[in-house]
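Derivation of every value follows stated rules applied to the coordinates shown; laboratory data play no part. None of these values were measured; they are calculated from a predicted model. Cβ: placed from backbone, ideal geometry, glycine included. Neighbour counts: every protein chain shown.
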Amino acid sequence: MYLCRRCVGFLHARLMPVKAQNWGNPGYVLPLAKLCYLKQPTLRSFPQGYQNLSQRKKEIGQSCGIRCLADQQATPHRQTSDIFEQKKDSNDITTFKNSNLHHIASTQVSFPACETFIDLDAVPCPSPFEEISEQDAIQITVPPGLPPVTFTLRDYVDKSETLQKLVQLGVNLSKLEQRRNVGSMLVRLDFQGDVSPRLFFLKDLGVEDTQLGPLLSKNPFILTENLENLQGRVSYLKSKKFSSEAVAAMVSKAPYLLNFSVERMDNRLGFFQQQLGLSAQKTRDVVTRLPRLLCGSIEPVKENLKVCELQFGFRKNEIQHIVSKVPKVLTANKRKLTQVFDFVHNTMGVPHSLIAKFPQVLNAKFIRIKERHLFLDYLGRAHYEPAHPNYISLQRLVSLPDDVFCTEVALVSLKDFERFQKTL
């Protein structure tokens, strides 16, 4: 075996004790991999008279029957002649051969407490088929089943009963996970304790099974609402003479309805009844058909009422009739509503009374009204006065599909209407 001078210097600076169970074997040869280190002692741990660390190491090694290489510097030529044979070559390599260094005395030796032995061999890996004790089994740590951080609920679905049941109900988790804090809220919910009681509440309320998934996809926060608060809000609506079927339909159309307090719902109902001047029954009908009036902001409603009265020129009774027939006018986009009214009233020449009689035209698409009116005007059939023989009502103008409109109103084929659309 060959050692470079760096390794030789390393051996000179350390003791080489061996394991105690091999000391009694005279023929035991100390392998280099079994070299152990001696813990560096402090001067305080030495007895009186030992103030030299090298002298202390020497005496400890002699008491163990092992020769200390650190003393080779005193008589380098005589003592190292038995251990090392210098080989002069270009590579400056020292040849190591067996000597008395590898023979350990058979006497039992006890090491001082300051020595610490570290085996340099790698610890063999235990076999997976090896049996372990109960104490070792208890100390085994199992990694957590759920990842601590993730960007999608997909990692939790296989291990969360709540998410699995919500998927079966038709809840769109891909949309919910994009909303702030909703994913972490759903993961923390317990299905039996949190989700199941509220699902039974919605079922008893009259919400259909097919509506549960879409409802929870829009409003997952209802799963964290107090059951007593939910029941109190339903009781309030029923006290205002809303039927059970009406309440169920309102909750399905406006999933956030039950998240609002009784005081807010009462204020909204009073506002619409006062501003519109409707009776209690007509107010209930309007709110039942458009329940988001109780959930959204009232500023767009106030603005649209002013536009209809001041800008469009409708009378108060006409506004009441329009709102009763088409409640969406209250929440429609102001720009779109103005565009439709301007075209119908100023371009088509329809008076206020006819628009109030057929308010569905205000909720129709502007492009449909424009294309059909221009096509009828091209054919010479754009007559919207009830007294005219070829009178065409606004309801038939905007509500019929294209094929029926062409055959029954325009009296032409669908292809003719499509060719005309290409010219616009």
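Numerical summary
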{"item": "Rg to Rh quotient for region 262-307, alpha carbon positions, Kirkwood Rh", "result": "0.93"}
{"item": "Amide proton proximity set for Glu225, modelled H, under 5 Å, gap of 5+", "result": "none"}
{"item": "Computed E for Ser184/Ser324 - FRET, C-beta separation, R0 60 angstrom, nearest 0.05", "result": "0.85"}
{"item": "Pairwise label distance in nanometres, Asp416 with Ser399, each label 7 Å out on the Cα-Cβ vector", "result": "2.5 nm"}
{"item": "Amide N proximity, region 200-220 versus Thr331 label position 7 Å along Cα-to-Cβ, cut-off under 11 Å", "result": "none"}
{"item": "Contour excess over end-to-end distance, with Cα ends at Ser353 and Glu303 and 0.36 nm allotted per residue", "result": "15.8 nm"}
{"item": "Kirkwood Rh in Å, taken over all unlike Cα pairs in region 183-314", "result": "16.1 Å"}
{"item": "Value of relative contact order over region 305-358, rounded to a whole percent, pairs C-alpha under 8 Å and six or more apart", "result": "37 percent"}
{"item": "Too-long pairs where the Cα-Cα distance tops 19 Å, listed order kept, from Lys316/Lys336; Lys165/Lys203; Lys238/Lys328", "result": "Lys316/Lys336; Lys238/Lys328"}
{"item": "Candidates per trypsin sites (Lys or Arg not before Pro) in region 287-354, loop by DSSP, up to 13 other Cβ within 10 Å", "result": "Arg315"}
{"item": "Largest-first principal axis extents, alpha carbons of region 270-381, Å", "result": "49, 23, 23"}
{"item": "Those trypsin sites (Lys or Arg not before Pro) in region 339-369 that DSSP places in a loop and that have at most 11 other beta carbons within 10 Å", "result": "Lys365"}
{"item": "Computed E for Lys218/Leu169 - FRET, C-beta separation, R0 22 angstrom, nearest 0.05", "result": "0.95"}
{"item": "Cβ-placed point charges (K, R +1; D, E -1), dipole of region 149-280 about Cα centre in debye, nearest 20", "result": "400 debye"}
